[in-house]
Amino acid sequence: MNDLERLLHERIERDGPLPFGAFMQLALYHPRLGYYSGGGERSGWRGHFLTSPELDPAYGELWARGFEKAWAACGSPETFHVVEVGPGEGGFAHSVLSSVAGAFGAALRYRLVERVPAVEERQRERLAAFDVTWSPSIAEVPRAEAGVVFANEVLDNLPVHVVERRGGRILEVCVDSAGGRLAETLRPPAGPELEAWLARAGAEVPEGHRFEVTMAAESFVRRCAAAIGTGALVLVDYGAESGELAERARGTLVAYGEGGPSEDVLARPGEQDVTAHANWTIVRAVCAELGWDVAGPLPQREVLLDLGARDLDGDLRESHRRALAEGRGAEAVRALSRRSALGALLDPGGLGGLGVVIATQGIEPG
């Protein structure tokens, strides 16, 4: 039993079973013992999982083109802000900032939203050559007149409530202490909020099925939209519509740790990631309610191709050919490796299948 599990048992014995959302919040973000707030390297080649930005600089290079398009659509203002939420080890920011130039490069102001001081310190070291600012939360980001808020695989790490329909009733999945282990238990919801949210999301939960209630994600989208006046909000994640999610009998919760993916999300709290799919139905509804135009979710493959992935692949192919012809073996291998990574980013069965939702305000989508 680790320290966080011991703390959870003590709290449950004192206050009673925890709603799953409260458990997930502590497992990921307890100030000292949470999976992310502990400060370890979680994403990247030395972490437990690899996201698009860490796979290859191509990802940031392509999105830099997208940010420049958004800047142009805003009228090419003298100052344009890119706010990246959940920046991991800073790889995406490094790729973007390394590839921008000209008037757009001069206008760009880059801000990372990072809640963990130890991770921020590593980001600062990696990005020391660039002019970057930091905020500990999206709520503390100064409102920008024009810009983009970008969040890659953030929604799936926000705490969720979990409900299950039994005997026609909606019950909440809670975490209890049983025989020295954390275990699930079903309890009546504490109030009407969960069922009201299900109604807004258009979620018809079948008998015996579970469903994740993404209230925290809804609040997050609202805060992101409040951070800019004119521009775009880009959300990249694993997700589905309410109807699709309701068809999954056990929901989408999964854990990731040293041993790979696991369905035992209560095991070793603080030592493994816990994720749940984004609910695109509610994300779009929130954006529309706020008056934003919404496109997507689109497959990441399609978005990256639209941003110029084929051209980049052609450049890498030519670099490989030229390096071989000139006897620069190491450069040839690197170009070939980068082409392989770009292929992985475009793989519809992998990272290319991630959903991309783009909400715009004051500019034309696209």
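The values are calculated or read from the model by the stated rules, or taken from the named source; none is laboratory data. As the structure is a computational prediction, the values presented were derived from the model and not from experiment. With ideal geometry, Cβ positions are generated from the backbone for all residues, glycine too; neighbour counts draw on all protein chains shown. Ligands, DNA and RNA are excluded from the accessible area calculation, which covers all protein heavy atoms including side chains. Shrake-Rupley method; radii C 1.70, N 1.55, O 1.52, S 1.80 Å.
With all projection directions averaged, the alpha carbon convex hull of the stretch 207-366 covers 12.9 nm². Just how far, in whole angstrom, is the stretch 218-260 from the stretch 303-343 if you go by their alpha carbon centroids? About 32 Å separates the Cα centre of the stretch 303-343 from the one of the stretch 218-260.
For the stretch 323-366, the square roots a ≥ b ≥ c of the C-alpha gyration tensor eigenvalues yield an a/c of 1.5 or more together with a/b not exceeding b/c, which makes the shape oblate.
First check a/c for the stretch 269-312, with a ≥ b ≥ c the square roots of the eigenvalues of its C-alpha gyration tensor; if it is under 1.5, answer rounded, and if not, answer prolate when a/b is larger than b/c or oblate otherwise.
Oblate is the answer for the stretch 269-312, as a/c is 1.5 or above yet b/c matches or exceeds a/b.
Could you rank the peptides 157-166, 321-330 by their average count of other C-beta atoms within 10 Å per residue, with the highest value first? Spell out each step's value before the answer.
Values: 157-166: 21.7, 321-330: 11.7.
Put in order of decreasing packing, that is 157-166, 321-330.
THR133 sits with roughly 60 Å² accessible to a 1.4 Å probe, with DNA, RNA and ligands left out of the calculation. Averaged per residue, the stretch 136-228 has 42 square angstrom of accessible surface, using a 1.4 angstrom probe with ligands and nucleic acids left out. Neighbours of TYR238, meaning other residues whose beta-carbon lies under 11 angstrom from its beta-carbon, give a summed charge of -3 when Lys and Arg score +1 and Asp and Glu score -1.
Our Cα-only numbers for the stretch 267-345 put the radius of gyration and Dmax at 20.2, 58 Å. Split the accessible area of the chain by element, probe 1.4 Å, and carbon with sulfur accounts for 49%.
Surface exposure of the stretch 248-366, expressed per residue as accessible area with a 1.4 Å probe, stands at 49 Å². At full extension, ARG250 and LEU305 could sit 16.4 nm farther apart than now, given 0.36 nm per residue minus the alpha carbon distance.
Suppose R0 equals 51 Å. What FRET efficiency, 1/(1 + (r/R0)^6) with r the Cβ-Cβ distance, do GLU145 and ARG317 give to the nearest 0.05? Don't skip to the answer; put the middle values down first.
Values: r = 41 Å, r/R0 = 0.79.
In this case the efficiency is close to 0.80.
Model label sites at THR185 and GLU207, defined 7 Å from Cα along the beta-carbon direction, differ in position by 2.6 nm.
Could you tell me the center-to-center distance, by alpha carbons, between the stretch 136-209 and the stretch 81-111 in angstrom? When both Cα centres are located, 32 Å separates them.
Once the Cβ-Cβ distance between ASP3 and ARG122 is put in as r, and R0 is 30 Å, what FRET efficiency do you end up with, to the nearest 0.05? Here the calculated transfer efficiency is 0.80.
Please report, in whole Å³, the volume per residue of the convex hull around the C-alpha atoms of the stretch 181-240.
168
For the chain, the relative contact order works out to 19 percent when only alpha carbon pairs closer than 8 Å and six or more residues apart are counted.
Restricting attention to the chain, close to 55% of DSSP beta bridges with both partner residues there are antiparallel. Normalised by 2.2 N^0.38 Å, where N counts its residues, the alpha-carbon radius of gyration of the stretch 142-222 equals 1.39. When SER177, SER242 are compared by accessible area of protein heavy atoms, the largest-first order is SER177, SER242, using a 1.4 Å probe. Computed on protein heavy atoms with a 1.4 Å probe, the accessible areas place ASP131, ASP293 in the order ASP131, ASP293, largest first. Of the residues MET24, MET1, MET215, the one with the largest accessible area comes first in the ranking MET1, MET215, MET24, computed with a 1.4 Å probe on protein heavy atoms. In the calculated pair-distance distribution of the stretch 107-175, the portion above 21 angstrom amounts to 47 percent of the Cα-Cα pairs. Size of the dipole of the chain about the Cα centre, Lys and Arg at +1 and Asp and Glu at -1 on the beta carbon, nothing else charged, in debye to 20? Taking the Cα centre of the chain as origin, the dipole is about 320 debye. For the stretch 223-258, the residues whose amide N sits under 14 Å from a probe point set 7 Å from the Cα of ALA288 along the beta carbon direction are 241-243.
For the chain, the Kirkwood estimate of the hydrodynamic radius, built from every pair of different alpha carbons, is 21.7 Å.
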